[in-house]
Amino acid sequence: MCEQAAPTVGGIIVNRDAPPAVDVSGGTMDRADIRTVRERLRDGLTDGVIVAWTDRFSRAPIEEPMAIFREITAAGGHFVVAEMGMDIRPDDPHGETMLVHSLQQARVQYLQIKKRWALSRGNAVRAGRAMGVPPFGYRYVDPTPRRQSRGVVDSRLIPDERHAPVIRELFERKAAGATWLELARWLNTAAPKPDGQCWARSSVATIIRCRTYLGEVRHGANVRPDAHEPLVPPPLWRRAQNEPGRRTPRGTYLLSGLVRCAGCGRNMQGSLRNGTRVYVCRTDGCLAKSSVRTSLLDAESTERFFDRLQSFHVQAVTGEQLAASDGEVDRLTGEVERLATIVPTHAAAIAAHQRALTDAERALSEAEDRRDQLAHSHAHDGPDVRELRADWPSLTMSERREILRAAVDAILVRRSSRRGLGADIGERILVLFRGEARAELLNGRGPIISWAWDDDPVSVRPPPEHLRVGGPSSPRHRVDRMGAHRTRRSHSGSA
């Protein structure tokens with residue numbers, strides 16, 4: 001149509017490669033095709049623009065397309081509307097009136113379609129029908145395509161028997177602190193894609209943030225909270241919205257991301273030194289840099305992990321302890337349910353209520369974890385630990401690393417009192433199991449802090465504020481096994 005209109009104004013089409021306005025809303029003038037026209041006019045590469053129909057040019061509020069029209073004509077350009085067969089000029093009152101009328105009609109049509117579309121979407125949400133592709137873990141009630149129409153026969157959602165349990169465990173792993181990469185790797189095993197592609201971290205993040213798993217269907221302001229069976233309870237969904245866990249380590253070092261230098265609290269890196277694999281501290285400003293052979297540290301840390309696991313499994317758990325744990329879970333469940341029924345209206349009350357509800361849900365989650373641990377220990381007397389120890393050498397590096405990271409917060413390594421990378425390895429390290437490491441140590445940012453400990457692992461501590469290491473020129477401070485502080489200047493000898 002534009003090809004036919006060009007000769008009527010004595011013109012030819014010079015830019016046939018203009019960006020097509022396909023799948024772009026006419027409700028805005030911020031479009032690639034409009035920007036290209038304006039740039040070519042400013043650069044003198046074209047003498048005007050031809051539009052086939054006015055509703056293809058714009059369905060935005062009338063002042064926006066008219067501003068573009070005036071910009072084009074003020075630059076001396078032509079504005080040809082093919083359906084009218086007119087080259088509209090700003091000094092032609094009849095032509096401008098027709099243009100305004102046609103653009104306003106296009107705007108009215110756009111608003112009517114938008115209103116009917118919103119009404120249709122609202123009706124679909126109220127009926128509990130989902131829109132788009134079913135989220136992973138759900139399927140349509142009846143996915144049969146409609147005849148001579150788009151969509152399916154019944155787009156309400158029901159759980160997919162194969163993948164619904166995977167969704168629940170995925171949220172539990174995220175709430176427990178797993179990283180996006182760890183979750184994606186787990187999904188590759190638990191629910192591999194039919195096309196053989198790997199799960200992407202962004203896809204996992206989309207699943208975790210999706211409220212459809214709470215039983216909701218929503219589109220814009222339209223929400224139905226009980227549209228279908230939820231796959232994730234609200235407390236678990238909220239806990240899973242926490243920050244991603246520690247960065248997932250890669251490479252061939254078992255304890256990457258866990259090993260920390262006691263001299264500064266920062267991560268130690270796997271490296272090769274004179275043909276020997278070692279973990280080393282490379283932190284600038286650390287006055288007590290540590291290094292240790294990977295083989296020795298891996299073996300000692302793994303042995304302590306199994307000792308810890310064995311001691312957990314052989315605990316004698318009585319029926320009274322289990323009953324008390326169940327009672328505590330019931331009490332906290334009642335408290336969460338009570339708080340959930342309260343609907344405050346004042347802004348301050350809303351914030352206080354949300355904090356109280358979050359604290360109650362966290363306490364309930366911790367109580368449930370304690371109950372599960374007691375029940376597991378009550379049901380097992382240790383064979384699982386023996387089996388894991390026997391299978392350990394046959395596990396892959398990633399599998400062993402994932403198991404250790406689930407149980408260990410950090411492994412502190414201090415400088416040896418004797419020469420050699422492997423000297424007194426048992427005295428040099430402290431394995432901090434889940435929940436034992438302090439926040440300052442796990443944060444890994446801020447000022448350098450040295451760490452020391454006595455025989456009790458829970459007593460790991462930084463020195464007082466006035467004795468913290470601040471830089472290369474600061475004195476180096478250590479805490480001896482009796483807890484007394486000693487100060488001396490840094491030198492090349494070992495600590």
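The values are calculated or read from the model by the stated rules, or taken from the named source; none is laboratory data. Only a predicted model underlies this, so the values are computations on that prediction, with no experimental measurement involved. For neighbour counting, all protein chains shown are included, and Cβ atoms are generated from backbone atoms with ideal geometry for every residue, glycine included.
A few comments on the model shown:
- Here Ala175 does not qualify as without any contact (Cβ under 8 Å) to a residue 24 or more places away in the chain and within 30 Å of Gly435 (Cα to Cα).
- The residue pairs whose first member lies in the range 151-168 and is free of Cβ contacts under 8 Å to residues at least 60 places away in the same chain, whose second member is of a type in the set (Asp, Glu), and whose beta carbons are closer than 8 Å, counting only pairs six or more residues apart or on different chains, are Val152/Asp142; Val153/Asp142; Asp154/Asp142.
- Members of the range 139-153 found to be out of contact with any Pro (no Cβ under 7 Å at 6 or more places or on another chain) and among the aliphatic types (A, V, I, L, M), listed by number: Val141, Val153
- Across the range 181-188, a minimum of one residue is classified as out of contact with any helix residue (DSSP H, G or I) (no Cβ under 8 Å at 6 or more places or on another chain) and not β-branched (Val, Ile, Thr).
- Candidate set from the range 220-233 (those that are within 22 Å of the chain's Cα centre (by Cα) and in contact (Cβ under 8 Å) with a residue 60 or more places away in the chain); member that is farthest from Arg173 (Cα to Cα): Leu231
Conditions (1) closer than 30 Å to Ala452 by Cβ; (2) surrounded by fewer than 16 Cβ atoms within 10 Å (Cβ to Cβ); (3) assigned by TED's automatic domain parsing to the domain that holds Ile429; (4) of a type outside the set (S, T, N, Q), marked per residue:
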position: Arg282; (1), (2), (3), (4): yes, yes, yes, yes
position: Ala288; (1), (2), (3), (4): yes, no, yes, yes
position: Thr294; (1), (2), (3), (4): yes, no, yes, no
position: Glu320; (1), (2), (3), (4): no, yes, no, yes
position: Glu328; (1), (2), (3), (4): no, no, no, yes
position: Leu332; (1), (2), (3), (4): no, no, no, yes
position: Leu339; (1), (2), (3), (4): no, no, no, yes
position: Gln354; (1), (2), (3), (4): no, yes, no, no
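- Within the range 431-443, tally of residues that are of a type outside the set (D, E, K, R) and either at pLDDT 85 or above or surrounded by 15 or more Cβ atoms within 10 Å (Cβ to Cβ) (or both): 5
- Within the range 109-116, the presence of at least one residue that is under 30 Å from Arg224 (Cα atoms), touching a residue at least 40 places away in the same chain (Cβ under 8 Å), surrounded by 14 or more Cβ atoms within 10 Å (Cβ to Cβ) and not polar (S, T, N, Q) is confirmed.
- Hits in the range 147-163 - residues which are buried (at least 18 other Cβ atoms within 10 Å of the Cβ) and small (Gly, Ala, Ser): Ser155
- Here the range 129-177 is the region considered, the condition is being under 20 Å from Arg211 (Cα atoms) and of a type in the set (Gly, Ala, Ser), and the residue that is farthest from the chain's Cα centre (by Cα) is Ser155.
- If you check Leu332, Leu357, Leu297 for being closer than 28 Å to Arg389 by Cα, in contact with a Leu (Cβ under 9 Å, 6 or more places away or on another chain) and part of a helix (DSSP H, G or I), only one passes: Leu297.
- Arg218 fulfils the conditions (1) in contact with a Phe, Trp or Tyr (Cβ under 9 Å, 6 or more places away or on another chain); (2) more than 28 Å from Ala406 (Cα to Cα); (3) not in a loop (DSSP other than H, G, I, E, B) except for a single criterion, (1).
- Only one entry in Ala205, Ala191, Ala124, Ala130 is in contact with a Phe, Trp or Tyr (Cβ under 8 Å, 6 or more places away or on another chain) and touching a residue at least 60 places away in the same chain (Cβ under 8 Å), namely Ala130.
- Set Gln373, Gln315: member being assigned to a helix (DSSP H, G or I), surrounded by fewer than 18 Cβ atoms within 10 Å (Cβ to Cβ) and modelled with pLDDT under 80: Gln373
- Candidates Thr97, Thr144, filtered to the one that is polar (S, T, N, Q), surrounded by fewer than 17 Cβ atoms within 10 Å (Cβ to Cβ) and not assigned by TED's automatic domain parsing to the domain that holds Pro65: Thr144
Matching residues to (1) assigned by TED's automatic domain parsing to the domain that holds Val336; (2) over 25 Å from Val408 (Cα atoms); (3) not hydrophobic (A, V, I, L, M, F, W, C):
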{"residue": "Ala175", "(1), (2), (3)": "no, no, no"}
{"residue": "Pro194", "(1), (2), (3)": "no, yes, yes"}
{"residue": "Cys210", "(1), (2), (3)": "no, yes, no"}
{"residue": "Gly215", "(1), (2), (3)": "no, yes, yes"}
{"residue": "Gly220", "(1), (2), (3)": "no, yes, yes"}
{"residue": "Pro225", "(1), (2), (3)": "no, yes, yes"}
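- Residues located in the range 271-313, provided they are free of Cβ contacts under 8 Å to residues at least 60 places away in the same chain and touching a helix residue (DSSP H, G or I) at 6+ places or on another chain (Cβ under 6 Å): Arg277
- Scanning the range 37-67 for residues that are out of contact with any Cys (no Cβ under 7 Å at 6 or more places or on another chain), in contact (Cβ under 8 Å) with a residue 12 or more places away in the chain and assigned to a loop (DSSP other than H, G, I, E, B) yields Leu45, Thr46, Asp47, Trp53, Ser58, Arg59, Ala60, Pro61, Ile62.
- Hey, Arg139 closer than 30 Å to Ala227 by Cβ, of a type in the set (D, E, K, R), touching a residue at least 24 places away in the same chain (Cβ under 8 Å) and touching a strand residue (DSSP E or B) at 6+ places or on another chain (Cβ under 7 Å) or not: no
- Checked against (1) at pLDDT below 90; (2) farther than 30 Å from Ser417 by Cβ, Gly257 meets all criteria but (2).
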